[in-house]
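What follows is a short report on a single structure.
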Amino acid sequence: MNNMTTIKLFADSACDLPLEFFEENNVTLIPLKVYIDDQEFEDIVTIPSKQVFDGIRAGKMPKTSQPTPQAFEKVFSELAISGDAGIYIAFSSQLSGTYQTAEMVKKQVLEEYPNLDLTIIDSKCASIGYGLVVQKTVEKLKAGASKEEIVQAAIFNSQHMEHLFTVEDLDYLAKGGRLSKASAFLGGLLNIKPLLHVEDGKLIPMEKIRGKKKLIQRMLDVMAERGDTLQNQCIGICHGDDEEAALNLKKMIEDRFGVKDFYINIIGSAVGSHAGPGTLAVFFLNKLS
């Protein structure tokens with residue numbers, strides 16, 4: 001690859017970054033699909049998250065699907081024709097078939113365009129955890145790093161991104177087949193809240209905690225145990241249509257760790273279809289190990 005080659009970034013909508021991010025940073029968006037009332041929508045592009053959360057509250061069960069092979073074929077073929085290099089950071093392969101489909105299509109495009117220069121990274125991340133990896137990759141690209149340096153940084157950030165979250169109702173994750181080791185956590189007493197995390201790309205229940213206040217306190221304790229110089233990081237927070245809860249969590253993190261830099265957003269419609277309203281999550285880099 002010569003120094004004049006442009007590097008193009010690709011990400012799918014499960015990173016829960018807003019449409020403007022993709023437009024402003026010249027990142028190609030590959031949207032997942034969301035289905036409500038037999039209507040098909042493109043995540044981020046043609047459906048606001050609030051529509052999904054309101055639908056769930058009204059008793060609807062949205063469904064989702066990964067991007068089509070044709071969507072990947074179009075952007076990968078365009079990349080090959082342009083002669084540019086590409087990096088696609090993908091939604092966790094443990095939560096969607098998106099990464100596997102992208103790898104399959106890459107092989108097909110290579111048959112027609114052997115010059116295709118594309119690296120696909122399985123982020124093993126979701127939502128704003130995945131979004132922070134994409135944001136950090138954009139920063140690295142803008143700083144003029146080589147493709148190899150950008151890929152290595154993206155892999156490093158993916159491997160060290162912690163996800164801590166709670167949901168109002170585990171049934172959404174269970175019905176969507178997105179929750180590992182779920183059976184022991186389903187049901188239970190009133191006001192018992194689950195604390196979950198992501199381990200090797202899978203959603204894993206950690207603890208059951210009585211009451212929201214204790215749960216948030218436990219989230220902060222786990223951040224203290226796992227986090228790497230939190231005050232120097234951009235901490236990600238996302239919410240299932242409950243901005244007040246997200247801002248309260250932000251304030252508690254500020255007070256305890258002296259964090260100055262946050263990225264807060266509502267969960268996207270595809271991830272939100274499985275997590276449900278009232279979800280609250282925090283994302284940060286863990287200690288080197």
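The values are calculated or read from the model by the stated rules, or taken from the named source; none is laboratory data. Keep in mind that what you see is a predicted model, and the values were worked out from it rather than measured. Quick reminder, even Gly has a Cβ in these numbers, built from the backbone with ideal geometry, and neighbours come from all protein chains shown.
Quick look at the values:
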quantity: Residue list for region 30-66, filter: within 18 Å of F91 (Cα to Cα), assigned to a strand (DSSP E or B) and not acidic (D, E); calculated: I30, K33, V34, K63, T64, S65
quantity: Region 243-269, residues that are farther than 17 Å from V222 by Cβ, buried (at least 18 other Cβ atoms within 10 Å of the Cβ) and without any contact (Cβ under 8 Å) to a residue 60 or more places away in the chain; calculated: A245, A246
quantity: Strands (runs of 3 or more DSSP E) contained in region 75-172 and holding at least 3 residues over 30 Å from R210 (Cα atoms) and either touching a Leu at 6+ places or on another chain (Cβ under 8 Å) or not assigned by TED's automatic domain parsing to the domain that holds T279 (or both); calculated: 85-90, 117-122
quantity: Scope region 1-36; condition under 16 Å from the mean Cα position of the chain (by Cα) and of a type in the set (S, T, N, Q); matching residues; calculated: S13, T28
quantity: Hits in region 1-29 - residues which are assigned to a loop (DSSP other than H, G, I, E, B) and crowded, with 20+ Cβ neighbours inside 10 Å; calculated: D16, L17
quantity: Answer from Q66, Q39 - the residue that is under 15 Å from the mean Cα position of the chain (by Cα) and under 26 Å from D241 (Cα atoms); calculated: Q66
quantity: Whichever residue in region 107-162 is touching a Phe, Trp or Tyr at 6+ places or on another chain (Cβ under 6 Å) and charged (D, E, K, R) and, among such residues, is farthest from T6 (Cα to Cα); calculated: E162
quantity: Any hit, region 27-49, residues being in the same structural domain as G97 (by TED's automatic domain parsing), among the acidic types (D, E) and free of Cβ contacts under 8 Å to residues at least 12 places away in the same chain; calculated: no
quantity: Scope region 98-120; condition under 15 Å from D200 (Cα atoms) and either of a type in the set (G, A, S) or surrounded by fewer than 17 Cβ atoms within 10 Å (Cβ to Cβ) (or both); matching residues; calculated: none
quantity: So K8, is it among the charged types (D, E, K, R) and in contact with a helix residue (DSSP H, G or I) (Cβ under 8 Å, 6 or more places away or on another chain); calculated: yes
quantity: Test for I81: is it touching a Ser or Thr at 6+ places or on another chain (Cβ under 7 Å), under 22 Å from E148 (Cα atoms) and not aromatic (F, W, Y); calculated: no
quantity: Test: residue in region 5-19 that is without any contact (Cβ under 8 Å) to a residue 60 or more places away in the chain and in the same structural domain as K142 (by TED's automatic domain parsing); calculated: yes
quantity: Search result, residues across region 237-268 that are under 16 Å from G129 (Cα atoms) and either of a type in the set (S, T, N, Q) or in contact with a Cys (Cβ under 6 Å, 6 or more places away or on another chain) (or both); calculated: D261, Y263, N265, I267
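Conditions (1) within 22 Å of L195 (Cβ to Cβ); (2) buried (at least 23 other Cβ atoms within 10 Å of the Cβ), marked per residue:
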site: S127; (1), (2): yes, yes
site: V134; (1), (2): no, yes
site: T137; (1), (2): no, yes
site: E149; (1), (2): no, no
site: I155; (1), (2): no, no
site: H163; (1), (2): yes, yes
